[in-house]
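What follows is a short report on a single structure.
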Amino acid sequence: MSKRKTKVRLYVDAPLAEGSEIILQEKQAHYLCNVMKLETDDEILTFNNGQGEFLCALAIRGKKDVRLRIINQSRAYETCPDIWLLFAPVKKDQTDFIIQKATELGVAKIIPVITAHTIADKVKKERFIAQSIEAAEQCRRVDLPEISDAQPLEKILNSWDKERILYFMDETRQSLPATQAIMPNAKKAAILIGPEGGFSEAELNALRHLSFAKGATLGKRILRAETAVAAALSVWQSIAGDWSKE
């Protein structure tokens, strides 16, 4: 039996039930057996974005057949707060950071937006999903953020649910500080982070005239997009999210 203090966590796209077995995909089998060096009967934790977290043991360790035996449920299923992140994709490494930190900070939905100054010409949804799964495995989430296809900002705003408040980070500093702008009791909210170079004047003007949108600032310094994401979500979590309820 493994003496590992912190058990490996693994997302599996399969039903989870006590006493049943999971046949692992080749990539996952390689990770457990060859990277993490687990042996038969070593324990790991699994989740499937719907049933919570389950304690499992490595049941079969073969070259082409690696299986987990589900022992019992270790945590009930729970969802993160109803906060969305809208962001303009940037370069690959920075965008990876955004997806990872948004997942760790409890975002329920991630929407890449195309703005006037968006510099990324390719948005790979499959890569975003893989990054979010890896982050969820590491941070002990039992749910996964929903990740949407990239859409033009104008299209998103035209179909917006007006009951969901949209906080846009205003680099012009013509809005209240985020610590004052964010309301603690809003049930549904979203945070919009602009691209490198900021929103265009037309985009800012449009946002300021929307009944459901509210500008917020993040201090005197101009932050990189990935820093602004982490900062804005941290403020929101502290005021209105599950950080404020612990």
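The values are calculated or read from the model by the stated rules, or taken from the named source; none is laboratory data. Here the structure is a predicted model, which is why all the values come from computation and not from measurement. Cβ: placed from backbone, ideal geometry, glycine included. Neighbour counts: every protein chain shown. Accessible surface is based on the protein model in full, side chains and every heavy atom, while ligands, DNA and RNA are left aside. Shrake-Rupley method; radii C 1.70, N 1.55, O 1.52, S 1.80 Å.
Data for the structure
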quantity	calculated
Test result for Thr118, open to solvent by less than 20 Å² (accessible area, probe 1.4 Å), in contact with a Pro (Cβ under 7 Å, 6 or more places away or on another chain) and under 30 Å from Glu154 (Cα atoms)	no
Number of the exception - Ile98 against (1) closer than 22 Å to Glu146 by Cα; (2) among the aliphatic types (A, V, I, L, M); (3) modelled with pLDDT under 95; (4) not in a loop (DSSP other than H, G, I, E, B)	(3)
Single match in Thr95, Thr103 (criterion: in contact with a Ser or Thr (Cβ under 6 Å, 6 or more places away or on another chain), open to solvent by less than 10 Å² (accessible area, probe 1.4 Å) and of a type in the set (Ser, Thr, Tyr))	Thr103
Any chance Gln73 is open to solvent by 20 Å² or more (accessible area, probe 1.4 Å), modelled with pLDDT of 95 or more and closer than 30 Å to Ser238 by Cβ	no
First in the range 219-246 and free of Cβ contacts under 8 Å to residues at least 60 places away in the same chain, second anywhere and assigned to a helix (DSSP H, G or I) and open to solvent by 60 Å² or more (accessible area, probe 1.4 Å), Cβ under 8 Å, 6 or more apart	Val235/Thr179
Where His117 falls short, out of the listed (1) in contact with a strand residue (DSSP E or B) (Cβ under 7 Å, 6 or more places away or on another chain); (2) of a type outside the set (Asp, Glu); (3) under 20 Å from Ala216 (Cβ atoms)	(1)
Of residues in the range 122-155 being over 20 Å from Ala14 (Cα atoms) and part of a loop (DSSP other than H, G, I, E, B), the one least open to solvent (accessible area, probe 1.4 Å)	Ser148
Tally of residues being over 25 Å from the mean Cα position of the chain (by Cα), part of a helix (DSSP H, G or I) and surrounded by 14 or more Cβ atoms within 10 Å (Cβ to Cβ) across the range 193-221	4
Strands (runs of 3 or more DSSP E) completely within the range 32-78 that count 2 or more residues being touching a strand residue (DSSP E or B) at 6+ places or on another chain (Cβ under 6 Å) and basic (Lys, Arg)	66-75
Number of the condition not met by Asp65 [criteria: (1) over 18 Å from Leu144 (Cα atoms); (2) surrounded by 15 or more Cβ atoms within 10 Å (Cβ to Cβ); (3) touching a helix residue (DSSP H, G or I) at 6+ places or on another chain (Cβ under 9 Å)]	(2)
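Rundown of residues vs (1) at pLDDT below 95; (2) over 18 Å from Tyr77 (Cα atoms); (3) open to solvent by less than 70 Å² (accessible area, probe 1.4 Å), yes/no style:
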{"residue": "Arg9", "(1), (2), (3)": "no, no, yes"}
{"residue": "Ile23", "(1), (2), (3)": "yes, yes, no"}
{"residue": "Glu26", "(1), (2), (3)": "yes, yes, no"}
{"residue": "Leu32", "(1), (2), (3)": "yes, yes, yes"}
{"residue": "Leu38", "(1), (2), (3)": "yes, yes, yes"}
{"residue": "Asp41", "(1), (2), (3)": "yes, yes, yes"}
